[in-house]
Amino acid sequence: MGAVTDGRPGGADDRLLAWPAVHAVTGLSRTTAWRMQKAGDFPLPVLVSRGRVGWWESELAAWKLARAPRRPAEPRLFEASADPERQGGSRPVAPASKAPATTTPAGEPVQESAASVGRRGSKTSPGQIAFDFGS
């Protein structure tokens with residue numbers, strides 16, 4: 001984009017851009033640009049002739065510069081955690097509780113219910129819940 005030496009739009013190096021060029025520079029739709037103009041967040045167009053408008057290239061450059069995200073001076077990569085248990089994405093797992101016994105307290109075997117038999121007829125492990133959803 002052209003630079004303006006005196007800080008005002010329309011200088012010797014400034015150009016008026018038609019909408020297709022403005023769209024290429026900003027990536028905005030006409031409706032979004034219009035809404036932003038009404039809110040005072042986008043440069044106003046200049047009447048070039050009857051039914052023809054343009055935008056100063058320097059104003060669009062200043063608008064883009066003002067909206068540029070502020071980045072840290074030094075790019076940071078993902079940092080490894082200082083906690084050795086959290087490195088590598090693994091977390092310590094709590095010890096599993098004892099699986100329930102397959103016998104009743106009186107010593108009698110527990111009968112398999114329909115809920116403990118899986119879809120393909122395989123039985124679930126002791127203490128595991130089977131989700132057969134009526135099949």
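Coordinate-derived values only; no laboratory data. Just so we're clear, the structure is a prediction, and the values are computed from it rather than from any experiment. Virtual Cβ from ideal backbone geometry, glycine too; neighbours counted across all protein chains shown.
Amide H of Val53: which non-local residues (sequence gap of 5 or more, or other chain) have their own amide H closer than 5 Å, using H built in the peptide plane?
For Val53, the qualifying residues are Val48.
Read phi for every residue in the stretch 40-53 and hand back ³J(HN,Hα) as whole Hz from Karplus 6.51 cos²θ - 1.76 cosθ + 1.60, θ = phi - 60°, with x for Gly and Pro.
x, 9, 8, x, 7, x, 10, 6, 8, 7, 4, x, 9, 10
Could you work out the relative contact order of the stretch 16-67, using alpha carbon pairs under 8 angstrom and six or more residues apart, expressed as a whole percent?
42 percent
Put a dot 7 Å past each Cα toward the Cβ at Arg30 and Leu44; how far apart are the dots in nm?
About 2.1 nm, to one decimal.
Which whole-Hz couplings ³J(HN,Hα) result when phi for each residue of the stretch 15-26 is put into the Karplus expression 6.51 cos²θ - 1.76 cosθ + 1.60, θ = phi - 60°, listed in order with x for Gly and Pro?
Couplings: 10, 8, 9, 6, 4, x, 6, 4, 4, 5, 6, 9 Hz.
Please list, in chain and number order, the residues 5+ apart from Phe42 or on another chain whose amide H is under 5 Å from its amide H, with Hs placed from the backbone.
Hits under the 5 Å cutoff: Gln37.
Against the globular-protein guess of 2.2 N^0.38 Å, express the Cα radius of gyration of the stretch 16-67 as a ratio, rounded to two decimals. Intermediate results must be reported in sequence, preceding the final value.
Details: Rg = 10.3 Å, N = 52, 2.2 N^0.38 = 9.9 Å.
The value comes to 1.04.
What ranking of Asp132, Asp14 emerges when the number of other C-beta atoms within 10 Å of each C-beta is taken as an exposure proxy, fewest first?
Numbers: Asp132 12, Asp14 20.
Taking fewest neighbouring Cβ atoms as first place, the list is Asp132, Asp14.
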